[in-house]
Amino acid sequence: MIASFKSSGLTQREFCLRENIKLPTFSYWYRKVGAGAMSISSGFTEVTPTLPSDGLEVVYPNGVRVRGIQDLSLLQLLVKL
């Protein structure tokens, strides 16, 4: 919503009228999270580990742990169990 507002070129009042949002509510959230926020992307962020990884771990409801999984196809099989 904040990204849409920023790219709209509208004032907060105009944007709220167009989107049928109460201006005080939008203004509150804009001040709280939007004013300093960077542009919002697709929701995915690349994560680069800073420490060497020992792989992934699967923990089953019964407490069994499988550690050190490097192969994602193996992970898919273990999750289905």
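The values are calculated or read from the model by the stated rules, or taken from the named source; none is laboratory data. None of the values given here were measured: they were computed from a predicted structure. Positions of Cβ are backbone-derived with ideal geometry, glycine not excepted, and every protein chain shown enters the neighbour counts.
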Problem set entry | Flag if Glu57 is surrounded by 10 or more Cβ atoms within 10 Å (Cβ to Cβ) and at pLDDT 85 or above | no
Query raised in the report: Within the stretch 8-31, is there a residue that is of a type in the set (Val, Ile, Thr), modelled with pLDDT under 80, surrounded by 12 or more Cβ atoms within 10 Å (Cβ to Cβ) and not assigned by TED's automatic domain parsing to the domain that holds Gln76?
Result: no
